[in-house]
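Input: a single structure, listed below in structure tokens.
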Amino acid sequence: MTAPMSEQLQRLAQALDVERQALVDHDVHALIRATGAKLEALRALEGTPPLGEGDHLQELAERNRANGVLLSRRRREVDWALRQLGRTEASSSYDAKGQSHTITARRPLAVA
């Protein structure tokens, strides 16, 4: 049996759970709130790092990585949907001369 988590780690665990649920539910507002709560919990942990809770930290790090994977998947879904609608997020690139250019690709949805 493992020792109970410190209050700070419990706050982080709760924020990670809420973050994952927001990603699953496609709830942008809940995701923003959860990310804020996660950052607050991480800042508190930076101030007073928990000692002797390496196993709990490892578990929480893995949950954070899993949330990151899910977030990347959601991002790809949004990018795909935007491309299907003929819209893309502005992304800059550099040419051979080192000049920055914004790439925009358009795709007609129908031909009249």
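The values are calculated or read from the model by the stated rules, or taken from the named source; none is laboratory data. These numbers were taken from a predicted model, which means no experiment stands behind them. Neighbour counts run over all protein chains shown; Cβ positions are idealised from the backbone, glycine included.
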* Asked: In the set Arg63, Arg76, which member is among the basic types (Lys, Arg), modelled with pLDDT of 90 or more and touching a helix residue (DSSP H, G or I) at 6+ places or on another chain (Cβ under 6 Å)?
  -> Arg63
* To do: From Leu39, Leu82, Leu57, Leu45, grab the single residue that is within 15 Å of Gln8 (Cβ to Cβ), modelled with pLDDT of 85 or more and out of contact with any Leu (no Cβ under 9 Å at 6 or more places or on another chain).
  => Leu39
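Which of the residues that make up segment 14-38 are farther than 24 Å from Arg76 by Cα and surrounded by fewer than 16 Cβ atoms within 10 Å (Cβ to Cβ)?
Gln14
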* For segment 47-69, name all the residues that are assigned to a helix (DSSP H, G or I) and of a type in the set (A, V, I, L, M). => Leu57, Leu60, Ala61, Ala66, Val69
